[in-house]
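Peer 1: Please read through the structure below; I'll follow up with questions.
The values are calculated or read from the model by the stated rules, or taken from the named source; none is laboratory data. The model shown is predicted, which means the values in this text are computed figures rather than measured ones. Here the Cβ is made from the backbone with ideal geometry for all residues, glycine too, and neighbour counts use every protein chain on show. Quick note on the areas: whole protein, heavy atoms, side chains included, nothing else; ligands and nucleic acids left out. Shrake-Rupley method; radii C 1.70, N 1.55, O 1.52, S 1.80 Å.
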Amino acid sequence: MTRVLPEDLDHGFATRAVHAGQRPDEATGAIMTPVYQTSTYVQTGLGEHKGFEYARTRNPTRDALERNLAALEGASHGFAFASGLAATDAVLKLLQAGDHVICGENVYGGTHRIMTQVFELMGLKFTFADTRKVENIEAAITTTTRMILVETPTNPMMHLTDLAAVAALARHHDLVLVVDNTFATPCFQRPIELGAEVVIHSTTKYINGHSDMVGGAVLTTRDDLAQRLQFIQNSTGAVPGPLDCWLTLRGIKTLPIRMRQHDAAGRALAAWLSEHRAVRQVYYPGLPSHEQHDLACRQMAGFGGMISIELGSLARARAVVQGTRIFALAESLGGVESLIGHPASMTHDSVPREMREAMGLTDGLVRLSVGIEDIEDLIDDLEQALAASG
Ligand SMILES: Cc1ncc(COP(=O)(O)O)c(C=O)c1O
């Protein structure tokens, strides 16, 4: 089990991002954690080894990443996985057939899909609720409920959940609160400090930040859950390779400065878009017009670079996503380069249309992942694409 190094918790966030979980290599003094590209480790005698037996179970590069992420989230244990969905999969495997989970209705489409098309077939039960209101979660609790899973802000509607309030509710009913912190990152939001017991990441996104690997992570404060997660990680085997762990560690070193720029650009573009006549609505928690802006200011230290805009029709959405030159039309988010996407046909295609439309995820909705390029260039790019959209 990869435990956080307690001394790493004495440092501030940027220092943790650069150093936590990593120490100069004992064999050589290499300042960067090596890529331990090995499947196994030589044992000195029967049952005698240096703590590493087989790389599915443990790998030093992965250990460093797991400790680093645990330190960033203020958790005591970290687990890295081969993708964000593999992390969600491991968390759902903490449960047993018959258990009930309350999940935010506007989670990532793949999260909805693994719940309804994989785990429901194995006997788990799910209720999807609008978690903007804590009362909706409370009303969904049954005698078999074991877990609440929320994303905040959500993908792509930017709905927020009041984490402190939901954590109190979860504690009261003895439920595990799991928070997917992919959008905000621990740089801007730390669910564990607000009372959550488990945090999930798609490290593919801001955590790595360079769009060059796919990965996931689970961080927790609970020793019992950590023990079970370690068993699940080793038994089901969805571990990341050492090179992907190394890339992620390298990306994390600049997380605080990248997030600062994503946030500055996100605020500037959201303000500019909200004045644009071709844009019907802007969803961005940093805008005072966002319906949960006060909550955003309370529980987030920044708002990041994810913005969704309503353009009114599929034709206009198509024209804009195909008309940008710097914003690239692609799935994913959180990289240094700006991306543009159409959630209804891309990330959320697997969510039933009625459910999508009920929460405002229309065919006219476009999602922007604002990168760290010059803000003026990004505005010029959107201006020409919006002007040409009719
Ligand atoms: C909020 C969120 N959680 C989880 C995932 C799944 O992560 P991955 O694609 O790394 O499996 C995604 C992917 O887009 C996401 O946006």
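Peer 1: Kindly indicate which of Phe126, Phe81 is open to solvent by less than 50 Å² (accessible area, probe 1.4 Å) and free of Cβ contacts under 8 Å to residues at least 40 places away in the same chain. Full working, then the answer.
Peer 2: Values: Phe81 fails: free of Cβ contacts under 8 Å to residues at least 40 places away in the same chain.
So the residue among Phe126, Phe81 that is open to solvent by less than 50 Å² (accessible area, probe 1.4 Å) and free of Cβ contacts under 8 Å to residues at least 40 places away in the same chain is Phe126.
Peer 1: Here's a follow-up. Quick check, is Leu160 more than 11 Å from the ligand (Cβ to nearest atom), open to solvent by 10 Å² or more (accessible area, probe 1.4 Å) and assigned to a loop (DSSP other than H, G, I, E, B)? If you could, list the steps in order and put the result at the bottom.
Peer 2: On the way: more than 11 Å from the ligand (Cβ to nearest atom): yes; open to solvent by 10 Å² or more (accessible area, probe 1.4 Å): no; assigned to a loop (DSSP other than H, G, I, E, B): yes.
For Leu160, the condition - more than 11 Å from the ligand (Cβ to nearest atom), open to solvent by 10 Å² or more (accessible area, probe 1.4 Å) and assigned to a loop (DSSP other than H, G, I, E, B) - is not met.
Peer 1: Then there is this: Just to verify a result, which residue in the stretch 45-99, among those that are part of a helix (DSSP H, G or I) and among the acidic types (Asp, Glu), is farthest from the ligand (Cβ to nearest atom)? Working first, answer last.
Peer 2: Residues of the stretch 45-99 part of a helix (DSSP H, G or I): 60-73, 84-92.
Then drop every residue that is not among the acidic types (Asp, Glu), which leaves 63, 66, 73, 89.
Values: Asp63: 21, Glu66: 16, Glu73: 15, Asp89: 9 Å.
Out of the qualifying residues, it is Asp63.
Peer 1: From Thr204, Thr185, Thr236, Thr220, grab the single residue that is assigned by TED's automatic domain parsing to the domain that holds Cys103 and surrounded by fewer than 22 Cβ atoms within 10 Å (Cβ to Cβ).
Peer 2: Working: Thr204 fails: surrounded by fewer than 22 Cβ atoms within 10 Å (Cβ to Cβ); Thr185 fails: surrounded by fewer than 22 Cβ atoms within 10 Å (Cβ to Cβ); Thr220 fails: surrounded by fewer than 22 Cβ atoms within 10 Å (Cβ to Cβ).
Result of the check over Thr204, Thr185, Thr236, Thr220: Thr236.
Peer 1: If I ask for residues that are aromatic (Phe, Trp, Tyr) and either surrounded by 20 or more Cβ atoms within 10 Å (Cβ to Cβ) or under 17 Å from Glu337 (Cβ atoms) (or both), which ones from the stretch 258-300 would you list? Explain how you work it out, then say what you get.
Peer 2: Taking the stretch 258-300 and keeping what is aromatic (Phe, Trp, Tyr), we get 272, 283-284.
Result: Tyr283, Tyr284.
Peer 1: Now a separate question. I'd like to check something: does the stretch 160-170 contain any residue that is more than 24 Å from Leu229 (Cβ to Cβ) and either under 18 Å from the mean Cα position of the chain (by Cα) or of a type outside the set (A, V, I, L, M, F, W, C) (or both)?
Peer 2: yes
Peer 1: Then there is this: Being in a helix (DSSP H, G or I), modelled with pLDDT of 95 or more, within 10 Å of the ligand (Cβ to nearest atom) and surrounded by fewer than 24 Cβ atoms within 10 Å (Cβ to Cβ): is that true of Ile192 here?
Peer 2: Numbers: in a helix (DSSP H, G or I): yes; modelled with pLDDT of 95 or more: yes; within 10 Å of the ligand (Cβ to nearest atom): no; surrounded by fewer than 24 Cβ atoms within 10 Å (Cβ to Cβ): yes.
Against the criterion (in a helix (DSSP H, G or I), modelled with pLDDT of 95 or more, within 10 Å of the ligand (Cβ to nearest atom) and surrounded by fewer than 24 Cβ atoms within 10 Å (Cβ to Cβ)), Ile192 does not qualify.
Peer 1: I would also like to ask the following. Do the conditions hold for Val214, that is, is it within 16 Å of the ligand (Cβ to nearest atom), of a type in the set (A, V, I, L, M), within 17 Å of the chain's Cα centre (by Cα) and not in a loop (DSSP other than H, G, I, E, B)?
Peer 2: Working: within 16 Å of the ligand (Cβ to nearest atom): yes; of a type in the set (A, V, I, L, M): yes; within 17 Å of the chain's Cα centre (by Cα): yes; not in a loop (DSSP other than H, G, I, E, B): no.
No.
Peer 1: Residues that are in a helix (DSSP H, G or I) and under 23 Å from His19 (Cα atoms): does the stretch 263-275 have at least one?
Peer 2: We begin by selecting, within the stretch 263-275, every residue in a helix (DSSP H, G or I); these are 263-274.
From what is left, the residues that are under 23 Å from His19 (Cα atoms) are none.
Checked against the condition, which is being in a helix (DSSP H, G or I) and under 23 Å from His19 (Cα atoms), the stretch 263-275 yields no hits at all.
Peer 1: So which residues in the stretch 100-123 are within 13 Å of the ligand (Cβ to nearest atom), of a type outside the set (Lys, Arg) and open to solvent by 30 Å² or more (accessible area, probe 1.4 Å)? Spell out the reasoning first.
Peer 2: Initial filter on the stretch 100-123 (within 13 Å of the ligand (Cβ to nearest atom)): 103-104, 106-115.
Going one step further and asking which of them are of a type outside the set (Lys, Arg), we end up with 103-104, 106-112, 114-115.
The answer is Tyr108, and nothing else.
Rundown of residues vs (1) in a loop (DSSP other than H, G, I, E, B); (2) surrounded by 22 or more Cβ atoms within 10 Å (Cβ to Cβ); (3) touching a helix residue (DSSP H, G or I) at 6+ places or on another chain (Cβ under 6 Å), yes/no style:
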site	(1), (2), (3)
Ala315	no, no, no
Ala319	no, no, no
Ser332	yes, no, no
Val336	yes, no, no
Pro343	yes, yes, no
Met346	yes, no, no
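Peer 1: What number of residues within the stretch 35-44 satisfy the criterion of being closer than 30 Å to His11 by Cβ and part of a strand (DSSP E or B)?
Peer 2: 0
Peer 1: Hey, Ile309 hits all of (1) outside any loop (DSSP other than H, G, I, E, B); (2) open to solvent by 10 Å² or more (accessible area, probe 1.4 Å) but one; which does it fall short on?
Peer 2: Every listed condition holds for Ile309 apart from (2).
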